[in-house]
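To start, the structure under review is shown below, and the notes come after it.
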Amino acid sequence: MNIDVIMRRWIDILAHLCLGWQERRRARHWLKVTRVGSDWVVEDATKSARSTFAAGAVGNALPDEIIRAAQKSFVILELSSSDIVSRAMNVPAQARDLLAGIVRNQIERLFPWRASQAAYGFNVATSADANILNVQILATSRETLDDACGQLGALGLRIDRVVAGKGSGDGTVTLWSRLAEASDSSLSRTRGIVVGLMVAAVCLTMVVNVWAFMNAASADSESDEIGSRLATLQRRIKGSSSKEAIASLAPAERARALKETSPVAVVVVEALSRALPDTSYLTELNMDGSTLRIVGLAGDAPSLIAPLERSGHFKDVHFFAPTTRNADGARFVFHIEARVEPHVRIDGE
């Protein structure tokens, strides 16, 4: 089945449900209008009040309280027995579910009007035989119904339902209702309202989803920015840590701070082995924080300064003690001091 047909049927169902809900809501408070002789009688269900006014007196306005009550109430017109034609017929009990169609097909045979010219309803009366349904059919002409509704409409009473059969013993029978004969214009308005609500719901859902997505993206961006700021602040704090500040910490915190800020000994030794020539070797190595002191033997001690500077791991490389010859006079004893630049690994690895 085409999706358009399904949507139209679904919208029609929602429109009828909406109209039915409106009718049931208004039916909580109802007014009943009946004709007694030449007068109309209005009964208020909640106040148990009765008001009488002349039938056909179009020029006479109804009391304001009746008009206001009718606007908020479900107005029922009960036709008198003189306006109703009653017939009865028997139907097999198995045809109970088909009664509406059976009655409609029998209207022209039982009444002097065509089905389209009559307003009718039926009621199933009790029967001694369980296999037989005694169906009582009440009908009136549409001309009579329209005339009565027109007179009341001119007086300001909008009829919602027309019933008949009071005093028959089986309750009243509905001959006509505004909901059952909802006009194309009223259904079209209700369909428009339903479609408008659906479109509004879809748009609202899309707006909420977009807003949630943008908020989530903004939150992620802010979280990343805050994380970046924290990392920068931590680096600044770590870079500004001095020996005095570290020395003032508790033992456990001081050990952790020294571990984080001190150069890696393995990396320093590897950098020295790469920077120093093969003709030199070390006899002492001492690291005090970022200060490195090395003592060793070399054939040309001054030429050791430049390779250590170029390695990128050492700054401010200088001799901290005089250079002297060793005992055999073949090499020079050097004493070099440098500031170690922290590296987690050797460049090129």
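Details
- Test result for ALA338, among the aliphatic types (A, V, I, L, M) and part of a loop (DSSP other than H, G, I, E, B): no
- Residues of region 72-106 that turn out to be closer than 30 Å to TRP40 by Cα and of a type in the set (Lys, Arg), as a count: 2
- Taken together, the residues in region 302-340 that are surrounded by 13 or more Cβ atoms within 10 Å (Cβ to Cβ) and closer than 22 Å to ASP278 by Cβ amount to 19.
- Taking the criterion of being at pLDDT below 80, among the hydroxyl-bearing types (Ser, Thr, Tyr) and surrounded by 10 or more Cβ atoms within 10 Å (Cβ to Cβ), the residues of region 178-212 that qualify are SER186, SER188, THR190.
- Among the conditions (1) in contact with a Lys or Arg (Cβ under 9 Å, 6 or more places away or on another chain); (2) assigned to a strand (DSSP E or B), the only one that ALA148 does not satisfy is (2).
- Residue within region 60-67 that is farther than 20 Å from ALA154 by Cβ and touching a helix residue (DSSP H, G or I) at 6+ places or on another chain (Cβ under 9 Å) present: no
- Flag if ARG96 is out of contact with any His (no Cβ under 9 Å at 6 or more places or on another chain), within 30 Å of ARG114 (Cβ to Cβ), outside any loop (DSSP other than H, G, I, E, B) and at pLDDT 90 or above: no
- The residues of region 119-145 that are assigned to a strand (DSSP E or B) and under 30 Å from LEU62 (Cα atoms), listed by number, are ALA119, TYR120, ALA139, THR140, SER141.
- Residue list for region 91-121, restricted to those being touching a Leu at 6+ places or on another chain (Cβ under 8 Å) and either surrounded by fewer than 17 Cβ atoms within 10 Å (Cβ to Cβ) or under 18 Å from LEU175 (Cα atoms) (or both): PRO92, ALA93, ALA95, ARG96, LEU99, ALA119, TYR120, GLY121
The values are calculated or read from the model by the stated rules, or taken from the named source; none is laboratory data. All values derive from a computational prediction rather than experimental measurement. Using ideal geometry, Cβ is built from the backbone for each residue, glycine included, and neighbour counts are taken over all protein chains shown.
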